[in-house]
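Scroll down for the structure; my scribbles are underneath it.
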Amino acid sequence: MTPVPTPADAVPADAVPVEAMPPLLDVRALSTEVLTPAGPRRILDAVSFAVAPGEALALVGESGSGKSMAMQAIVGLMARPALVTGGTALFEGRDLLACSQRDLRAIRGNRIGMIFQEPMSALNPLMPVGDQIAEALVAHRGLGWSAARAESVRLLDLTRVAEAGRVAQLRPHHLSGGMRQRVVIAAAIACKPALVIADEPTTALDATVQAEIMLLLGQLRREVGCAILLISHDMGLVGAFADRAAVMLRGQIVESGPTAALIAGPRSPYTRTLVAASLPSATARARPVPAGERPAALEVRDLTVSFPVREGLLSVGRARHLFAVDGVGLSLGQGETLAVVGESGSGKTTLARAILGLTPIADGGVWIAGADLRDRSAEARARIQYIFQDPQASLDPQFKAWRSVVEPLALRGETRREVLRSQAEALLIEVGLDARHLDRLPHELSGGQRQRLGIARALATRPRVLIADEAVSALDATTRLQVLQLFLDLQAAQGLSYLFITHDLAVVARIAHRVAVMRFGRIVEIGPVDRVLADPQHPYTRALVAAGAEHKAQSMPDPGMARHRTGPAGSSIAWRYRACGDGHLVLET
């Protein structure tokens, strides 16, 4: 769903004379299998590709294609029951598949930098992020801790982390998802590696941050001659960044070549499907809901969430608070979808958590169908449910699918196994699964199937409102389209209302009736999707739309206030909005 034009600052494909250089990484006939009770199962089947110094090569494919396993096999991160059964992976003339784990540890984080899709799995939750970056500098470059910490701050600043010195002292759970990923990228480039392997590095990031990160990786190529092996499902992103691409399907490379030629004239039917899925489409649009037929399913008034700001041991006087959500008001009509968009750290996920009661509210209130959610009655809680970005993390790995789906019903008192299984089967059918999936564990399902399972669980209590927090951001392009269509079908059938948290304006255009743009905890613009995206009035909204349309980094405007407001607990501001007609409002600055 990402557009494909190449950004002006990207390195053009013909800037790297690949044929004239010996490969930096040369993978030949790489094969892997997984040991199962039924016997070995082949995953990678004689995969071959090469990456030249300074080149960007993309391995592209949907979930289960084998692209991430290829990366894991190359750098020795593949764990049993998976194992390499054949092939070579020569890096700087050395076969990585024949190296000991000790030798590989000396290469990883040093000559080969690693960027993972899920930063929390790569970061130590108990250690300040600056120290985690410094750790690699101490281990591989021999710096002292003082110099390494100073360099870690510089690297955080390079990856566009605001207030890098302060952030370096924080632990991962204090940071947004986008900030955590930038920490991982800073660690990956710390030792100026010859090769950076980036496994879905921007999947869950907003459009502007995604563009900035890819631009940063492009700058790294030019400055230090670093090669990039990009693992991605997004043909739009690949088209904007990579010199060459290799398309993977079921453990084999089905097509490869220069990226521009591959996108302009794909030969494989599978490649054509990937290219088509990455381009905007007029299909699967949200069905219009007449304004006069929208009784409020959810109403948020002057909602404020604040956190105390640590100001040092010698600070005196009243403690100051940072306002993560700052006087937000919005309403959601019955059968309507309101998208909330903004960069990482804008406050959109904190807003969702506050609505659900997962984060304490400092001021304001939330009502669903007229009932005050602060009462937190069981009936009120059942009316609003949450769909998580990462279904793998939200599902108990030891629960079979049927048990995960009906867990909310079991918690409400239903204990008869046959009744619960029957209800689980009905819910699975609603979301496009069937009885075959009832007894499967989460790891036995694909990413799209796990997200469908999460949706089924959210539907178990028959809610009127669903809050979907980046619910499709981690899915490959074709699966994303299928899940979005599922949301639309469920809305049409059941009259559901959606608060859709996302960073992807293409998703907004596809599924939402209205959109609210958040920055620094405030709504800066809200209105009908077609009006806001076609004629954005706030400078920040214009930058978001431009970044999404052109797939290049935009300098973010700073109209008035450049960050979250801070002040005494309980202080509030009545924000003023300018009406632009037809429910289109813009924050006055």
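Screening Leu475, Leu499, Leu466 for residues that are out of contact with any Phe, Trp or Tyr (no Cβ under 8 Å at 6 or more places or on another chain), modelled with pLDDT of 90 or more and crowded, with 22+ Cβ neighbours inside 10 Å leaves exactly one candidate, Leu499. Would it be correct to say that Arg440 is among the basic types (Lys, Arg), out of contact with any strand residue (DSSP E or B) (no Cβ under 8 Å at 6 or more places or on another chain) and in a helix (DSSP H, G or I)? Here the answer is no, as Arg440 does not meet what is asked. For the range 355-368, a residue qualifies if it is crowded, with 16+ Cβ neighbours inside 10 Å and more than 23 Å from the chain's Cα centre (by Cα), and the qualifying residues are Ile361, Ala362, Asp363, Gly364, Val366, Trp367, Ile368. Of the helices (runs of 4 or more DSSP H) lying entirely inside the range 321-426, those containing at least 1 residues that are touching a strand residue (DSSP E or B) at 6+ places or on another chain (Cβ under 6 Å) and within 30 Å of Tyr577 (Cβ to Cβ) are 348-356, 378-382.
Close contacts from the range 119-134, counting a first residue that is in contact (Cβ under 8 Å) with a residue 60 or more places away in the chain and a second that is among the charged types (D, E, K, R) and not in a loop (DSSP other than H, G, I, E, B), with Cβ to Cβ under 8 Å and a gap of 6+ residues or different chains, come to Pro119/Arg180; Met120/Arg180; Leu123/Arg180.
Only one entry in Arg421, Arg417 is modelled with pLDDT of 85 or more, over 19 Å from Leu466 (Cα atoms) and either surrounded by 13 or more Cβ atoms within 10 Å (Cβ to Cβ) or of a type outside the set (Asp, Glu) (or both), namely Arg421.
Count of the range 368-378 residues, restricted to those that are among the charged types (D, E, K, R) and at pLDDT 75 or above, is 1. The residue that is farthest from Val196 (Cα to Cα), counting only those in the range 80-102 that are in a strand (DSSP E or B) and hydroxyl-bearing (Ser, Thr, Tyr), is Thr85. With respect to the conditions (1) within 29 Å of the chain's Cα centre (by Cα); (2) closer than 17 Å to Leu332 by Cβ, Pro391 falls short on a single one, namely (2). Out of all the residues in the range 233-262, which are in a loop (DSSP other than H, G, I, E, B) and basic (Lys, Arg)? Once the filter is applied, which keeps residues that are in a loop (DSSP other than H, G, I, E, B) and basic (Lys, Arg), the range 233-262 yields only Arg250. Could you tell me whether Arg452 is without any contact (Cβ under 8 Å) to a residue 40 or more places away in the chain and over 13 Å from Leu490 (Cβ atoms)? So Arg452 does not fit the description; no.
For beta carbons closer than 6 Å, sequence separation of 6+ or different chains, a first residue in the range 521-549 that is more than 23 Å from Leu322 (Cα to Cα) and a second that is surrounded by fewer than 20 Cβ atoms within 10 Å (Cβ to Cβ) and among the small types (Gly, Ala, Ser), the qualifying pairs are Gly527/Gly583.
Just to verify a result, which residue in the range 123-142, among those that are outside any helix (DSSP H, G or I) and touching a Lys or Arg at 6+ places or on another chain (Cβ under 9 Å), is farthest from Ala186 (Cα to Cα)?
Per the stated criteria, the residue is Leu126.
Check the range 530-539 and report whether any residue there is more than 21 Å from Arg452 (Cβ to Cβ), surrounded by fewer than 20 Cβ atoms within 10 Å (Cβ to Cβ) and acidic (Asp, Glu). Within the range 530-539, one or more residues are more than 21 Å from Arg452 (Cβ to Cβ), surrounded by fewer than 20 Cβ atoms within 10 Å (Cβ to Cβ) and acidic (Asp, Glu).
Here Ser152, Ser146 are screened, and the one residue that is assigned to a helix (DSSP H, G or I), among the small types (Gly, Ala, Ser) and surrounded by fewer than 15 Cβ atoms within 10 Å (Cβ to Cβ) is Ser146.
Scan the range 3-58 for residues that are at pLDDT below 85, part of a loop (DSSP other than H, G, I, E, B) and in contact with a Gly (Cβ under 9 Å, 6 or more places away or on another chain) and jot them down. Within the range 3-58, Pro3, Val4, Pro5, Thr6, Pro7, Asp9, Ala10, Val11, Val16, Met21, Pro22 meet the criteria.
The values are calculated or read from the model by the stated rules, or taken from the named source; none is laboratory data. This structure is a prediction, so every number in the text was calculated from the model and none was measured. Using ideal geometry, Cβ is built from the backbone for each residue, glycine included, and neighbour counts are taken over all protein chains shown.
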